[in-house]
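Asks: Just dropping this structure here.
The values are calculated or read from the model by the stated rules, or taken from the named source; none is laboratory data. Values in this document were obtained by computation on a predicted structure and should not be read as measured data. Neighbour counts run over all protein chains shown; Cβ positions are idealised from the backbone, glycine included. Ligands, DNA and RNA are excluded from the accessible area calculation, which covers all protein heavy atoms including side chains. Shrake-Rupley method; radii C 1.70, N 1.55, O 1.52, S 1.80 Å.
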Amino acid sequence: MSTPATVNPFLEVVQARRSAMNFVEGVKIPQSELEEIFSHTRLAPSAFNLQHARYKVIADPELKEKVRESAYGQYKIHTASAVIVVLGDMHAYEQAPEIYGGLKMLGAMSQEEYDGVIGAINQAYIGKEAFQRDEAIRNASLSAMQFMLIAKDKGWDTCPMIGFDPEAVKNVLGLPDHLVPVMLITIGKDNQRKIRPRGYRKPVGEFVDFM
Ligand SMILES: Cc1cc2nc3c(=O)[nH]c(=O)nc-3n(C[C@H](O)[C@H](O)[C@H](O)COP(=O)(O)O)c2cc1C
């Protein structure tokens, strides 16, 4: 008797996530559902636990159209339930005392450990603009991936998007210079009529070297 294949729910979500080509128009996404998705997104890793990712959720149709203009008119922003602007905070390191202060207060971290980590963070980030920018993008990207997988798990489809003018997005939202637009994520219900077959994926041997 053959054993039934076990279903791994996490891998099912990984397999099922696709970049939506288009969305069913007029579907509203409740804020409570987005809050639930973000409550798990916040568990994503980040360098020094600095949590560089920031999100602006735009469900308001008028503002969504303005963001769409900054994204070369991509139609899926029009049909999406919301467009989410993923930002990376170049000044995330400034919150290190807040992030680590709680651990110190609880006694989970000694004063010496606290001073050590704050010193290491300051040394890595202060005055290093290129590194601050790399880190903003790197860490926000990891957070964004987690967001998309959790959204899929909760029944929502997404599409990450780099096709936008970062300066135009910054102007529309009035963003300060230390918040780097990393990507847009459209979210909604995939319009099933427009699903395309999964694009070619390189075999493992082509992109991994075991050394
Ligand atoms: C950083 C990034 C930027 C992307 N930008 C766009 C975009 O501007 N517009 C779009 O339709 N798809 C965009 N995509 C989606 C890709 O085309 C898609 O992920 C790829 O073809 C693989 O398909 P899959 O996500 O369905 O597996 C982007 C994906 C990533 C990761």
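Asks: As an exercise: evaluate TYR125 against (1) open to solvent by less than 30 Å² (accessible area, probe 1.4 Å); (2) free of Cβ contacts under 8 Å to residues at least 24 places away in the same chain and give the number of the one condition it does not meet.
Replies: Here TYR125 clears every test but (2).
Asks: Exactly one of (1) touching a Phe, Trp or Tyr at 6+ places or on another chain (Cβ under 9 Å); (2) surrounded by 14 or more Cβ atoms within 10 Å (Cβ to Cβ) is unmet by GLN146. Its number?
Replies: (1)
Asks: Moving on to the next point. What's the number of the only condition in (1) touching a residue at least 60 places away in the same chain (Cβ under 8 Å); (2) in contact with a Gly (Cβ under 7 Å, 6 or more places away or on another chain); (3) open to solvent by 60 Å² or more (accessible area, probe 1.4 Å) that ILE137 fails to meet?
Replies: Only one criterion is unmet by ILE137, namely (1).
Asks: Which one is nearest to ASP134 (Cα to Cα) among residues in segment 5-55 that are outside any loop (DSSP other than H, G, I, E, B) and among the charged types (D, E, K, R)? It would help to see each step written out before you state the result.
Replies: From segment 5-55, those outside any loop (DSSP other than H, G, I, E, B) are 9-16, 19, 23, 31-41, 47-49, 53-55; that's our starting set.
Among the residues that remain, those that are also among the charged types (D, E, K, R) are: 12, 33, 35-36, 54.
On the way: GLU12: 31, GLU33: 30, GLU35: 27, GLU36: 28, ARG54: 15 Å.
Out of the qualifying residues, it is ARG54.
Asks: When segment 150-182 is examined, which residues are found to be under 18 Å from ASN22 (Cα atoms) and either assigned to a helix (DSSP H, G or I) or open to solvent by 30 Å² or more (accessible area, probe 1.4 Å) (or both)? Walk me through it before giving the result.
Replies: Here is the first cut: in segment 150-182, the ones under 18 Å from ASN22 (Cα atoms) are 151-152, 155-164.
Across segment 150-182, the qualifying residues are ALA151, LYS152, GLY155, PRO160, ILE162.
Asks: Can you tell me which residue among PHE48, PHE10, PHE23 is surrounded by 16 or more Cβ atoms within 10 Å (Cβ to Cβ) and closer than 27 Å to ARG198 by Cα? Quick ask: steps written out before the conclusion?
Replies: Details: PHE48 fails: closer than 27 Å to ARG198 by Cα; PHE10 fails: surrounded by 16 or more Cβ atoms within 10 Å (Cβ to Cβ).
So the residue among PHE48, PHE10, PHE23 that is surrounded by 16 or more Cβ atoms within 10 Å (Cβ to Cβ) and closer than 27 Å to ARG198 by Cα is PHE23.
Asks: Here's something else I'd like to know. Name every residue in segment 183-193 that is open to solvent by 60 Å² or more (accessible area, probe 1.4 Å) and either touching a helix residue (DSSP H, G or I) at 6+ places or on another chain (Cβ under 8 Å) or modelled with pLDDT under 95 (or both), in order of residue number. Explain how you work it out, then say what you get.
Replies: Filtering segment 183-193 down to residues open to solvent by 60 Å² or more (accessible area, probe 1.4 Å) leaves 189, 192-193.
Residues satisfying the conditions are GLN192, ARG193.
Asks: Do you know which residues across segment 60-77 are of a type outside the set (Lys, Arg), open to solvent by less than 50 Å² (accessible area, probe 1.4 Å) and either in contact (Cβ under 8 Å) with a residue 12 or more places away in the chain or assigned to a helix (DSSP H, G or I) (or both)? First the steps, then the outcome.
Replies: From segment 60-77, those of a type outside the set (Lys, Arg) are 60-63, 65, 67, 69-75, 77; that's our starting set.
Going one step further and asking which of them are open to solvent by less than 50 Å² (accessible area, probe 1.4 Å), we end up with 67, 70-71, 73, 77.
Answer for segment 60-77, where residues must be of a type outside the set (Lys, Arg), open to solvent by less than 50 Å² (accessible area, probe 1.4 Å) and either in contact (Cβ under 8 Å) with a residue 12 or more places away in the chain or assigned to a helix (DSSP H, G or I) (or both): VAL67, SER70, ALA71, ILE77.
Asks: Next question. How many of the residues in segment 165-198 are more than 23 Å from ILE150 (Cβ to Cβ) and small (Gly, Ala, Ser)?
Replies: 2
Asks: Of all residues being of a type outside the set (A, V, I, L, M) and surrounded by 10 or more Cβ atoms within 10 Å (Cβ to Cβ) in segment 105-122, which is farthest from ASN49 (Cα to Cα)? Just the residue, please. Steps first, answer last, please.
Replies: If we filter segment 105-122 for residues that are of a type outside the set (A, V, I, L, M), which is where we start, we get 107, 110-116, 119, 122.
Among the residues that remain, those that are also surrounded by 10 or more Cβ atoms within 10 Å (Cβ to Cβ) are: 110, 113-116, 119, 122.
Numbers: SER110: 17, GLU113: 15, TYR114: 13, ASP115: 16, GLY116: 15, GLY119: 15, ASN122: 14 Å.
Out of the qualifying residues, it is SER110.
Asks: Let me ask another. Output yes when any residue across segment 138-149 is closer than 24 Å to HIS52 by Cβ, among the hydrophobic types (A, V, I, L, M, F, W, C) and not in a helix (DSSP H, G or I), and no when none is.
Replies: Among the residues of segment 138-149, not one is closer than 24 Å to HIS52 by Cβ, among the hydrophobic types (A, V, I, L, M, F, W, C) and not in a helix (DSSP H, G or I), which makes the answer no.
Asks: In segment 26-45, what residues are open to solvent by less than 60 Å² (accessible area, probe 1.4 Å) and either of a type in the set (Gly, Ala, Ser) or more than 30 Å from ASN122 (Cβ to Cβ) (or both)? First the steps, then the outcome.
Replies: Filtering segment 26-45 down to residues open to solvent by less than 60 Å² (accessible area, probe 1.4 Å) leaves 27, 29-30, 34, 37-39, 41, 44.
Answer for segment 26-45, where residues must be open to solvent by less than 60 Å² (accessible area, probe 1.4 Å) and either of a type in the set (Gly, Ala, Ser) or more than 30 Å from ASN122 (Cβ to Cβ) (or both): VAL27, ILE29, PRO30, LEU34, ILE37, SER39, ALA44.
Asks: Does LYS202 qualify as being without any contact (Cβ under 8 Å) to a residue 40 or more places away in the chain, within 15 Å of the ligand (Cβ to nearest atom) and charged (D, E, K, R)? Lay out the reasoning, then the answer.
Replies: On the way: without any contact (Cβ under 8 Å) to a residue 40 or more places away in the chain: yes; within 15 Å of the ligand (Cβ to nearest atom): yes; charged (D, E, K, R): yes.
So LYS202 fits the description; yes.
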